[in-house]
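Report on the structure given below.
The values are calculated or read from the model by the stated rules, or taken from the named source; none is laboratory data. Source: prediction; values computed, not measured. Here the Cβ positions follow ideal geometry from the backbone for every residue, glycine too, while neighbour counts run over all protein chains shown.
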Amino acid sequence: MAYVAVKGGERAIDNAHAWLAADRRGNPDVPDLGLAQIREQLGRAIDRVMAEGSLYDQDLAALAIKQSQGDLIEAAFLLRAYRTTLPRFAHSEPVDTATMAVRRRVSAVFKDLPGGQVLGPTYDYTHRLLDFTLAAGTAPPPPATAHATGAKMQRVNDFLVHAGLIEPDAPAGTTPGDITRQPLTFPAPRDVRLQALARGDEGFLLGLGYSTQRGYGGNHPFAGEIRVGEVTVEIEPAELGFAIDIGDITLTECQMVNQFKGSKTQPPQFTRGYGLAFGHAERKTMSMALVDRAMRAEELGEDVTAPAQNVEFVLYHSDNIEGTGFVEHLKLPHYVDFQSELETIRRMRAEADAGKEAAE
Amino acid sequence: MTPHASPAIAARQTWMAVLARAEAAELAALIANAPPLPEPVILRGPEVGLVMVRGRIGGGGGPFNLGEMTVTRCTLRAGATVGHASIAGRVPERAVLAARIDAGLQDPARHDALHAAVIAPLAARQAAKRAESAAKAAATRVEFFTLQTMRT
């Protein structure tokens, strides 16, 4: 692809950006939107921008959302660009979701389980009717409280693992791949696939996950468990030589339980798909777990027939920053390319006309 | 946090964890009423960078890279001790203050007073905040009308 060097247009660009800034501000009679308001009141947008921007920082996400006028892909792009300006100090110890301070935990496979079904702050069971009291700015009543036992919430999968009914976690091991450092290559191991899915576009993953449910690479899922809450992030600074907490982050985890796999040596077991993402992101992690399981088709000896099972297709198209870059670059000048196409089509038409005249 | 085998290091881990979770305003208010800290000599930072957060495949399997988070670190010398802070977010002032407090807490002459003035109240507030969140969650726990034995 060739681009033609175009001079000029600077004044137009400057003026366009000045208008953009005024347009972003909107009617100056309306109070300016504060970052704290975005952070506190548009939490799900913050979560999505952090997940797809692959950078956990609520204040930066709030700024990005304000700057992009709420265009969340643009906002994620801003976070991705910002992260390139910072050095990486360390990687964390793997976070332990079993010790999560759970705000929400539901299982669709067991009704009664230790720790119980905890609904947390959920949109489930709301009637999706517009609430005009919000438009009026009415303060909500304080949430109810009840005695908390403080017991650790065991993962639902652990019950099935103990009974041998589900595949256990693969043994912990090597240093994981990192797509921010090494280019994606195939076959991509599951650690790399999960990293790509965790930052993948929620809409794309939702569509793919939905396609598996509708029969394109179906694997009969149950939501074994979804949990949302805070986990501690620990690092081991080289200068200290011991691990320290640097703070807590909100994560959502989804464990999908899927239909069986067995062999001559092993009785049938449920198989699993896994989803984990920054913030409160149930739709994202559920979709991720469906797609993660679908991409394990080859490993589990299933036919690879559907888009969601095609690892290369999924991973090359799940990143909305890359996708938006390539789709939107089409609006940049392609004057020379198009000139050559014009010449080609004129020549073809001239040849066709000449052929017609010769035939007459 | 995985507590270290050495009690001295385990105690330091605990107060560093409390400092990492402290909010700027409450830290500033508490330190104003604490015994004065020695003037620090900054050895490194405060500087903002990234930590790559790792998860585990399936929750308990091998590690994978989930995404990055911002972090601020600072190392300084105060008197005879070296203090350090690594704190989530872009918080240079808080990182310096936390490192100064970390240095002060390692000084046996200052430890008890500083701990009582800063760490103990912070820890109590953080525990109360966690308990409040847990209590809200507990109120949304479903109580089924008929309880059956779970089958596995």
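Can you find, within segment A:226-280, the residue that is surrounded by the fewest Cβ atoms within 10 Å (Cβ to Cβ) among those that are among the polar types (S, T, N, Q) and within 10 Å of another protein chain (Cβ to nearest Cβ)? Before you say what the answer is, go through the steps one by one.
Narrowing segment A:226-280 to residues among the polar types (S, T, N, Q): A:232, A:250, A:252, A:255, A:258-259, A:263, A:265-266, A:269, A:271.
Checking the rest, the ones that are also within 10 Å of another protein chain (Cβ to nearest Cβ) come to A:232, A:255.
Working: A:Thr232: 20, A:Gln255: 27.
Among those residues, the one meeting the criterion is A:Thr232.
Just to be sure, is A:Pro171 at the interface with another protein chain (Cβ under 10 Å from one of its Cβ atoms), more than 24 Å from the chain's Cα centre (by Cα) and not charged (D, E, K, R)?
yes
Name the single residue that is modelled with the highest pLDDT among those in segment A:148-172 being loosely packed, with under 11 Cβ neighbours inside 10 Å and of a type in the set (Gly, Ala, Ser).
So the residue we want is A:Ala163.
Quick one: in segment A:174-201, of everything that is more than 9 Å from chain B (Cβ to nearest Cβ) and either hydroxyl-bearing (Ser, Thr, Tyr) or assigned to a helix (DSSP H, G or I) (or both), which residue is surrounded by the most Cβ atoms within 10 Å (Cβ to Cβ)?
Residue satisfying both the conditions and the ranking: A:Leu197.
Name the single residue that is farthest from A:Arg103 (Cα to Cα) among those in segment A:121-144 being assigned to a loop (DSSP other than H, G, I, E, B) and among the hydrophobic types (A, V, I, L, M, F, W, C). Talk me through it step by step, then tell me what you get.
As a first pass, look at segment A:121-144 and keep what is assigned to a loop (DSSP other than H, G, I, E, B): A:121-131, A:136-144.
Going one step further and asking which of them are among the hydrophobic types (A, V, I, L, M, F, W, C), we end up with A:129-130, A:136, A:139, A:144.
Details: A:Leu129: 25, A:Leu130: 25, A:Ala136: 28, A:Ala139: 22, A:Ala144: 13 Å.
Of everything passing the filter in segment A:121-144, A:Ala136 is farthest from A:Arg103 (Cα to Cα).
Take segment B:13-67 and flag every residue that is at the interface with chain A (Cβ under 7 Å from one of its Cβ atoms), among the small types (Gly, Ala, Ser) and assigned to a strand (DSSP E or B).
Once the filter is applied, which keeps residues that are at the interface with chain A (Cβ under 7 Å from one of its Cβ atoms), among the small types (Gly, Ala, Ser) and assigned to a strand (DSSP E or B), segment B:13-67 yields B:Gly49, B:Gly55, B:Gly67.
Could you say whether any residue in segment A:234-247 is of a type in the set (D, E, K, R) and not in a strand (DSSP E or B)?
Yes, there is a match, as at least one residue in segment A:234-247 is of a type in the set (D, E, K, R) and not in a strand (DSSP E or B).
Go through the residues of segment A:216-228 one by one and say whether even a single one is at positive phi and touching a residue at least 60 places away in the same chain (Cβ under 8 Å).
Yes, some residue in segment A:216-228 is at positive phi and touching a residue at least 60 places away in the same chain (Cβ under 8 Å).
Being surrounded by 10 or more Cβ atoms within 10 Å (Cβ to Cβ) and within 14 Å of another protein chain (Cβ to nearest Cβ) is the filter here; which residues of segment A:116-134 pass it?
If the condition is that a residue be surrounded by 10 or more Cβ atoms within 10 Å (Cβ to Cβ) and within 14 Å of another protein chain (Cβ to nearest Cβ), then A:Gly116, A:Gln117, A:Val118, A:Leu119, A:Gly120, A:Pro121, A:Thr122 are the ones that fit.
For every residue, the table says whether it meets (1) surrounded by 14 or more Cβ atoms within 10 Å (Cβ to Cβ); (2) more than 10 Å from chain B (Cβ to nearest Cβ); (3) in contact with a Ser or Thr (Cβ under 6 Å, 6 or more places away or on another chain).
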| position | (1), (2), (3) |
| --- | --- |
| A:Ile73 | yes, yes, yes |
| A:Pro87 | no, no, no |
| A:Val95 | yes, no, no |
| A:Ala136 | no, yes, no |
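In the set A:Ala277, A:Ala289, A:Ala308, which member is closer than 27 Å to B:Gln126 by Cα, modelled with pLDDT of 95 or more and either within 21 Å of the chain's Cα centre (by Cα) or in a helix (DSSP H, G or I) (or both)?
On the way: A:Ala289 fails: closer than 27 Å to B:Gln126 by Cα; A:Ala308 fails: closer than 27 Å to B:Gln126 by Cα.
The match here is A:Ala277.
What's the number of the only condition in (1) among the polar types (S, T, N, Q); (2) more than 8 Å from every other protein chain (Cβ to nearest Cβ); (3) under 27 Å from A:Leu113 (Cα atoms); (4) more than 26 Å from the chain's Cα centre (by Cα) that A:Thr149 fails to meet?
Failed condition: (2).
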